[in-house]
Every structure is written in C-alpha cells, then in structure tokens.
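What follows draws every value from the coordinates through simple rules; no lab data is involved. Just so it is clear, the structure is predicted and the values come from calculations on it, not from any experiment. Cβ atoms come from the backbone with ideal geometry, glycine included; neighbour counts cover every protein chain shown.
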Amino acid sequence: MMLFRNARSAVCATILLATPAIVHAQTLAPHRAVYDVALQDVSDRSGINGMDGRIVYEFQGSECDGYTTNFRFVTRIRSSSGDRLTDQQTSTYEDGSGDFFRFLTKSFVDERLDRELSGTAQREDGSLIVTLKKPQDEEVVLGPAMFPSAHILDLIERAKQGETFYEAKLFDGSEDADRVMNTSVIVGREKTVQDGDAEAASELKDEPYRSVTISYFDEELAEGAGESLPDYEIAFKLYDNGVTRDLVMDYGDFTLQGTLVSLEMLPRQSCD
C-alpha cells in the first residue's frame with residue numbers, strides 16, 4: 001500500500017525510535033488489485049487539463065519468506081502543451097523481520113525510459129543504511145524508520161487496539177531514496193457499510209474496514225518548522241488483511257481518485 005506514494009514522481013516532477021526487529025501477529029493477504037484512476041480536483045497552477053490512468057498492485061509473500069510487491073501506475077496527462085503518457089513500474093522486497101528492503105523503480109515518459117532508481121536499505125545499530133546502485137553508486141545513512149509492509153502491519157495493529165492518531169517514520173525507496181518521511185496517521189472506526197467501490201472487493205465486500213488518512217512530511221524539512229503542509233496525502237479504506245480500496249491521492253496541485261475495479265486474492269504462502 002505504501003507504494004502508492006511513489007506515484008508522485010511518475011505524475012509530476014508515536015515517533016519510531018531505534019528498536020529491534022518488530023514482531024507482528026497480523027498477517028497480510030497476497031492479492032492483485034486493479035484501480036481506475038481519474039482526476040478529482042486540480043488547481044490552475046498545475047497546468048493540467050485532464051488526467052486518467054490505471055494502477056495495478058500485486059502483493060505476495062509471508063512473514064517467513066518476506067514480502068514482495070509489484071506496482072505499475074500508467075497515466076495519460078493532458079495539458080495545453082500536449083498529451084504525455086507516464087508509466088511507473090516499481091518492484092520491492094522486504095524481509096519478514098522488517099530489517100532489510102530492496103527496491104527498483106523505472107519511470108517511462110511516452111514509452112521511453114526517463115529514470116531508474118535501485119538500491120537496498122538495511123537497519124543497523126539504530127540507523128538505516130541505504131545503498132544505491134542507480135542512478136549512481138552511493139551510500140546514505142539515515143535515522144531509524146519502518147519499511148512499507150512493517151508500516152502497514154503496525155497501522156493495522158494500532159487500529160485494532162483503538163488508536164485513532166499516531167506518528168511514525170517511513171522509508172519506502174521513493175523519490176531519490178535519500179530521506180525518511182514522517183507520517184501522521186488518522187484511523188477511523190470499524191465499519192461494514194457497503195459504499196463506493198465495495199462491490200469490486202469480491203469476497204471482502206461485506207468484511208469490516210476502516211477509513212485511513214496518511215500524511216507524509218519530509219523529515220528534514222519538518223524539523224523545527226512547526227505546523228507545515230504535507231508533501232503528499234492519501235486516504236483509503238483498509239481491510240484487516242491489508243487490502244485497500246476507494247483511494248484519494250492528494251498531491252497538492254491536483255487530487256486523484258483511485259477506484260477498485262477488480263481484486264484477486266492469491267494463494268497464501270505457508271511458513272512450513
């Protein structure tokens with residue numbers, strides 16, 4: 001789920017302290033979800049006249065073998081200067097202990113490779129060691145943070161315990177993969193009302209879910225800045241197995257709506 005934050009670079013150019021690996025009782029369900037994307041709101045300064053696209057998100061793995069995600073976000077952007085087709089493809093792997101993360105992102109503009117980013121991140125002695133391979137070899141030392149699967153598992157567990165607001169640090173390999181993001185998370189009460197794109201959730205459509213809003217702030221810019229606007233904000237409906245629907249992605253100058261159109265639950269991997 002946290003990879004939806006990566007869409008920003010395709011379209012437009014309780015604080016976690018140093019802790020040992022986090023153990024989660026909750027498990028995430030392997031699945032493949034497809035979302036149709038439409039422009040919900042746009043400001044004049046964005047220069048955007050229209051936008052539509054599709055997201056395909058595939059999540060597999062287990063707490064024993066680790067989690068893999070494949071994410072593709074294709075959009076057609078219409079502006080006064082002409083149409084532009086963007087295609088962002090991201091693959092990640094995160095070990096079950098939440099200590100190691102590998103990421104690869106390729107961004108295409110009008111079917112030509114525009115940018116490639118790849119590397120790994122390792123939690124070591126209270127720090128995050130990021131080793132970049134592309135666009136160039138580089139090592140970055142950051143403060144402690146969760147990786148995406150650990151972040152969503154933490155969110156689900158906190159929600160079950162009744163927490164409605166908290167903060168946590170996240171590293172997801174997005175943008176230039178050289179910074180940690182502060183996240184502020186708001187969690188609503190559990191609901192079972194079928195609304196929005198619930199019908200597309202197949203076997204989950206009658207299951208309880210929570211409305212979640214996550215705001216992302218650049219860690220370096222946020223320090224000492226007091227009240228500040230988030231870099232990006234996403235709202236969605238979340239099931240206890242990690243499946244999401246009814247996405248609203250707010251990039252500041254424009255907002256996108258992601259509507260779930262198909263959901264396929266994939267076989268669970270046994271720790272045996």
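For labels at residue 265 and residue 114 in the simple 7 Å Cα→Cβ model, what's the distance in nm?
3.8
May I ask for the net charge around residue 105, where only other residues with Cβ less than 10 Å from the Cβ of residue 105 are counted and Lys, Arg are +1 while Asp, Glu are -1?
Once all neighbours under 10 Å are counted, the net charge is +1.
Amide H to amide H under 5 Å from residue 96: which residues, 5+ apart in sequence or cross-chain, H placed 1.01 Å off N in plane?
Those lying under 5 Å, H to H, from residue 96 are 66, 67.
Checking the a/c ratio against 1.5 first, then a/b against b/c, what shape does the Cα gyration tensor give for the chain?
Rounded, since a/c falls under 1.5.
Points 7 angstrom from Cα along the Cβ direction at residue 54 and residue 203: gap in nanometres?
With each label placed 7 Å out from Cα toward Cβ, I get 2.4 nm.
Whole-Hz ³J(HN,Hα) for each residue in the range 44-59, computed from phi via Karplus 6.51 cos²θ - 1.76 cosθ + 1.60 with θ = phi - 60°, x for glycine and proline: what do you get?
Once rounded to whole Hz, the list reads 4, 6, 6, x, 8, 9, x, 7, 8, x, 8, 10, 10, 10, 10, 10.
If one computes the Cα centroid of the range 133-189 and of the range 36-78, what distance in Å separates the two points?
18
Want the number for residue 140 to residue 104: 0.36 nm per residue separation, take away the alpha-carbon distance, what's left? Spell out each step's value before the answer.
On the way: separation 36, 0.36 × 36 = 12.96 nm, distance 1.65 nm.
Working it through step by step, the gained length comes to 11.3 nm.
In whole Hz, with x marking every Gly and Pro, tabulate ³J(HN,Hα) for the range 237-245 from phi via Karplus 6.51 cos²θ - 1.76 cosθ + 1.60, θ = phi - 60°.
Working through the residues one at a time gives 9, 10, 8, 5, 9, x, 6, 10, 8 Hz.
Determine, for each peptide in 152-162, 259-269, the mean count of other beta carbons within 10 angstrom over its residues, then list the peptides with the highest first.
Going by the mean number of other Cβ atoms within 10 Å, highest first, we get 152-162, 259-269.
With each run of n ≥ 4 DSSP H residues scored as -39500 (n - 2.57), what mean residue ellipticity at 222 nm is computed for the chain after dividing by its residue count and rounding to the nearest 500 deg cm²/dmol? Intermediate results must be reported in sequence, preceding the final value.
On the way: 3 runs with 22 residues, N = 272.
Roughly -2000 deg cm²/dmol at 222 nm, from the helical runs in the chain.
Tell me, what ³J(HN,Hα) does each residue in the range 246-252 have, in order and in whole Hz, if you take phi through Karplus 6.51 cos²θ - 1.76 cosθ + 1.60 with θ = phi - 60° and put x for Gly and Pro?
With coefficients 6.51, -1.76 and 1.60, one gets 6, 7, 10, 10, 9, 9, x Hz.
Give the span of the range 164-250's Cα atoms along each principal axis, as three whole-Å numbers ordered largest to smallest.
Projected onto its principal axes, the Cα set of the range 164-250 covers 44, 25, 20 Å.
I'd like to compare 102-114, 47-59: which one has the highest average count of other Cβ atoms within 10 Å, and what's the full order after that?
Per-residue mean Cβ counts within 10 Å order the peptides as 47-59, 102-114.
Going by the alpha-carbon gyration tensor, a ≥ b ≥ c the square roots of its eigenvalues, is the range 101-200 rounded (a/c under 1.5) or, if a/c is not under 1.5, prolate (a/b greater than b/c) versus oblate? Please list the in-between numbers first.
Working: a/c = 3.32, a/b = 1.44, b/c = 2.31.
Oblate shape, in that a/c is at least 1.5 and b/c is the bigger or equal ratio.
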